[in-house]
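Trainee: Structure in structure tokens, see below.
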Amino acid sequence: MPESDELIAISALQHYSYCPRQCALIYQEQTFTENVFTVRGRLVHERVDEPETRIEGDREIQTSVPLVSERLRLIGKSDVVEILPDGSLRPVEYKHGPRRRREHDDIQVAAQAICLEEMTGKQIAEGVIYHYSSRRRRIVSITPELRAKVEDITKSVRDLLRSGVMPPPADDPALCRGCSLKEACQPELVNSALRIRELAETLFEPDDMELAE
């Protein structure tokens, strides 16, 4: 169980934003299984897993860049860091699929930007999500609101891992459908048990219990 100042993986923020239970299963219970989506993601990341520096057009490309924030106690790496002609930096996160409807990918790249800022002293205005399947780049503005979400989720992840409590499954079939941990999580079974418990607790109102006594 992590101490309050233990380093937390940047990827844990992305998992927590997607589903707190998924985050707990991976980082608290050390549970991880693969499905077609995780295999595709792993194959995409193999392209940038080895540290390398190269020139592409007018920018320098650095791959597999280690990241750390002592202030937020975060650790991880950026798939790519672009150094633009004006010297500004831009973290790039590779994803195999299309843009997701939630912000978890944006939170991950924003956390990378915050780490880079602390490490280099340079202000970072934007990051990039590179969707490998469509070969499209999406700019992510590192706004004050997104920075605040990174800080809030970092605290939530730390509180979760310190507590040792397993959150309930997401009540969202769309999220569960693509999750590689669905079998370990058993969302339908757990949610059904929680609903039965809630129903049982409402069968007797407090006044009824007093009368029964």
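Trainee: For a quick check of your reading of the filter: which GluC sites (Glu not before Pro) in region 47-141 sit in a DSSP loop and have no more than 14 other Cβ atoms within 10 Å?
Mentor: Numbers: sites: GLU52, GLU56, GLU60, GLU70, GLU82, GLU93, GLU103, GLU117, GLU118, GLU126; in loops: GLU70, GLU103.
Taking region 47-141 and a limit of 14 other Cβ atoms within 10 Å, the loop GluC sites (Glu not before Pro) found are GLU70.
Trainee: For LYS95, give me every one of the lysines with a C-alpha distance below 16 angstrom, ignoring sequence neighbours fewer than eight places off in its own chain.
Mentor: Cross-link targets: LYS77.
Trainee: Considering amide H positions built from the backbone, and no H for Pro or chain starts, which residues 5 or more places from ASP49, or on another chain, come under 5 Å of its amide H?
Mentor: Hits under the 5 Å cutoff: none.
Trainee: What length, rounded to one decimal in nm, is gained on full extension from ARG59 through to TYR132, with 0.36 nm per residue of separation minus their alpha-carbon distance? Before the final figure, lay out each step's value.
Mentor: Details: separation 73, 0.36 × 73 = 26.28 nm, distance 1.96 nm.
Contour length minus Cα-Cα distance gives 24.3 nm.
Since every read-out is calculated from the coordinates, none of them should be taken as a lab result. Here the structure is a predicted model, which means the values were calculated and not measured. Please note: Cβ atoms are built from the backbone with ideal geometry, for glycine as well, and neighbour counts cover all protein chains shown.
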